């Protein structure tokens with residue numbers, strides 16, 4: 001007969017500081033990974049739009065390959081096979097890199113869609129004003145592209161946040177891995193796993209609300 005394990009508030013509060021400390025690492029991983037992914041995604045989008053086919057075609061193939069393979073497989077590849085090809089880093093660095101690379105391929109498509117939506121007249125005006133390529137992108141194209149796609153980019157940040165537990169597969173002790181360790185030591189799983197679920201729920205929900213507000217603000221401004 002299975003005995004129902006009741007909730008123990010004293011135990012829950014006793015493990016909460018450890019889980020919050022591990023959750024801080026989860027947030028840091030998300031911020032570092034998303035920051036790199038935003039920059040990397042823009043770089044990939046520009047490379048894919050290059051008129052030089054020796055740049056655009058390999059970039060398109062790389063994007064499709066990474067998007068078509070699971071993140072967990074990519075984590076295993078970089079962590080276990082990376083050292084054999086000279087890519088030997090700590091589990092944390094490897095995890096952040098894999099997350100950033102994986103999501104940069106998704107953000108690149110968002111950037112590309114945003115760039116393609118810029119009216120042709122904007123490009124013509126830049127040429128008529130004799131703007132350099134750098135000034136065209138910096139002063140005309142990107143300021144018009146970035147604000148409308150921020151909600152879409154933000155959704156990828158939330159998805160990355162929810163994917164950070166996968167890093168436990170390469171020994172990164174983020175919040176879910178910490179909860180599992182605590183539960184294995186005390187044989188109480190209800191409290192730590194529930195707390196982790198609530199932490200993810202609260203942060204994800206609040207982030208979604210902020211993104212919706214931003215989206216409405218951008219739509220109103222336009």
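The values are calculated or read from the model by the stated rules, or taken from the named source; none is laboratory data. Not measured: the values here are computed from a predicted model. We place every Cβ from the backbone using ideal geometry, glycine too, and count neighbours over all the protein chains shown.
Considering only helices (runs of 4 or more DSSP H) fully contained in segment 83-183, which possess at least 3 residues that are in contact with a helix residue (DSSP H, G or I) (Cβ under 6 Å, 6 or more places away or on another chain)?
Values: elements: 91-116, 120-128, 133-136, 142-163.
Fully inside segment 83-183 and qualifying: 91-116, 142-163.
So which residues in segment 129-145 are crowded, with 17+ Cβ neighbours inside 10 Å and within 28 Å of residue 208 (Cβ to Cβ)?
Scanning segment 129-145 gives a single hit, 145.
Would you confirm, using the coordinates I've provided, whether residue 148 is at pLDDT below 90 and surrounded by 15 or more Cβ atoms within 10 Å (Cβ to Cβ)?
Working: at pLDDT below 90: yes; surrounded by 15 or more Cβ atoms within 10 Å (Cβ to Cβ): yes.
Yes: the conditions hold for residue 148.
Considering only residues that are under 15 Å from residue 157 (Cα atoms), over 17 Å from the mean Cα position of the chain (by Cα) and at pLDDT 85 or above, which ones fall in segment 211-222?
212
Just the residues that are under 21 Å from residue 167 (Cα atoms) and surrounded by fewer than 12 Cβ atoms within 10 Å (Cβ to Cβ), please, taken from segment 43-79. Write out each step before concluding.
Step one: filter segment 43-79 for residues under 21 Å from residue 167 (Cα atoms), giving 65-79.
Listed by number, the residues that qualify are 65, 68, 70, 73.
Within segment 84-98, which residues are surrounded by 12 or more Cβ atoms within 10 Å (Cβ to Cβ) and either farther than 22 Å from residue 28 by Cα or touching a strand residue (DSSP E or B) at 6+ places or on another chain (Cβ under 8 Å) (or both)?
Hit for segment 84-98 is 87, nothing else.
Report the residue count in segment 1-54 for those that are within 30 Å of residue 109 (Cβ to Cβ) and not in a helix (DSSP H, G or I).
Going through segment 1-54 one residue at a time, the tally reaches 4.
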